[in-house]
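The values are calculated or read from the model by the stated rules, or taken from the named source; none is laboratory data. Source: prediction; values computed, not measured. Note that each Cβ is placed from the backbone with ideal geometry, even for glycine, and that neighbours are counted across all protein chains shown.
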Amino acid sequence: MSEQVILTLNAGSSSLKFALFSAIRNPRRLWSGAIDRIGSPNAHFRLSDARKTVVVDEPGSLDSHEAALTRLLTAIASLPGSLDLVAVGHRVVHGGPECDCPKRVTPALTERLRRLTSLAPLHIPPNLAGIDAVLAARPDLLQVACFDTSFHHDIPRMARMTALPRALTESGVRRYGFHGLSYEYIMETLQKDGVNTGAERIIIAHLGNGASMAAIRNGHPVETSMGFSTIAGLPMGTRCGDLDPGILLYLMREEGMTADEMSDLLYNQSGLLGISGLSRDMQDLLDSREKAAAEAVDYFCYQARLHLARLTGALGGLDRVVFTGGIGENSAGVRGRICAELGYLGVCLDSGANQAGIGVISKPGAGVTVEARATDEEKMIACHVAAKLAVHPAPQSAQTEA
């Protein structure tokens, strides 16, 4: 008898990250990988098993997301065992003000997402490309869109507002928040580990190439560092983070920059890359002896410390900090620098535990519990898809030729 499986997709402009999970209530990861450099002659396909052993590692020419997905589906069909692909879950960065939970993909939903492109111009087009590619290759499959904004949907009105004219706010110009799938996963793991999340004031710091923080009280998000767009808040790999809007007016008036040029500047040329002039990768900068690299790291940690302290104002105090994401989970040095000046809040790291990594890294008896935890956005997507399948069961032998 075949095993029903769920495919999760995280489509970037030239990449397709994926994972294959068993289609059960608590999905189990079976395979995962990525296709990079889509659209170029030197695209690359990588596939690993559940133990993270690489089983496929090959170059090739894949000129579109549809071609990449076709290659992926061919690989899935050749995997050992009898796997029956029944559903696909997509990470969709922005769901707009209406999407407060994962949604089954329908023509009406995809049309709504196309209208939201201007809210996340770098993210929604590839997200839609992934959805369209699945529809073209396997129209029989259930598709579920899982939104990074959903977690923050019900944050307090004061946290959603801007000080722009009310008419703009009512037209959708408001603070949304992102990285919701990561925050949702961390909250679930905390609860499974016995943490009474409803009684604690928690800040989760998702630090990676994209970076943000969320403040959670009584089990619900109340504030976040990101806002209307994914360039707000902390500085990131290539994104600037918070910026005086007067700078943008200056660039328009004095430098004659167009909207497209400013978009490229803010999204692709700034952040760690812009300050260092070397790399957007935190580990590269930590390994470098260049002064500009050290300054980029210092600026990132300084801004992260400021944002963490700011979020305590929305919480009225602090009980727990959780570091996650590629940097938050893996860089003891960055965690240490961020926390170094936060003793007045009760944050006090145990240097040995911090160097060791995953788990509680604060000193015993410290006023604030500090942890480093791995996140798993793909697992969260698979859980949402499994819940949809419980309502809309897929028939056996769904993996037929479309």
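Restricting the search to helices (runs of 4 or more DSSP H) fully inside the range 231-324 and requiring at least 2 residues that are buried (at least 16 other Cβ atoms within 10 Å of the Cβ) gives 259-268, 271-276, 282-287, 291-315.
Determine whether ARG114 is of a type in the set (D, E, K, R), in contact with a Leu (Cβ under 8 Å, 6 or more places away or on another chain), closer than 25 Å to ASN268 by Cα and crowded, with 19+ Cβ neighbours inside 10 Å. In short, no. Taking every residue in the range 194-221 that is among the acidic types (Asp, Glu) and pairing it with any residue that is in a strand (DSSP E or B) and buried (at least 18 other Cβ atoms within 10 Å of the Cβ), at least 6 positions away or on another chain, the pairs with Cβ-Cβ distances below 7 Å are GLU200/ARG320. In the range 258-270, which residues are in contact (Cβ under 8 Å) with a residue 12 or more places away in the chain and out of contact with any helix residue (DSSP H, G or I) (no Cβ under 8 Å at 6 or more places or on another chain)? Within the range 258-270, SER263, LEU266, TYR267, ASN268, GLN269, SER270 meet the criteria. In the set (1) part of a helix (DSSP H, G or I); (2) touching a residue at least 24 places away in the same chain (Cβ under 8 Å); (3) within 30 Å of ARG373 (Cβ to Cβ), ASP132 fails one condition alone, (3).
The set of residues from the range 146-177 being among the charged types (D, E, K, R) and not in a loop (DSSP other than H, G, I, E, B) comprises ARG157, ARG160, ARG166, GLU170.
Is the range 291-307 home to any residue that is touching a strand residue (DSSP E or B) at 6+ places or on another chain (Cβ under 6 Å), in the same structural domain as ALA215 (by TED's automatic domain parsing) and in contact (Cβ under 8 Å) with a residue 24 or more places away in the chain? So far as the range 291-307 goes, yes, one or more of its residues are touching a strand residue (DSSP E or B) at 6+ places or on another chain (Cβ under 6 Å), in the same structural domain as ALA215 (by TED's automatic domain parsing) and in contact (Cβ under 8 Å) with a residue 24 or more places away in the chain.
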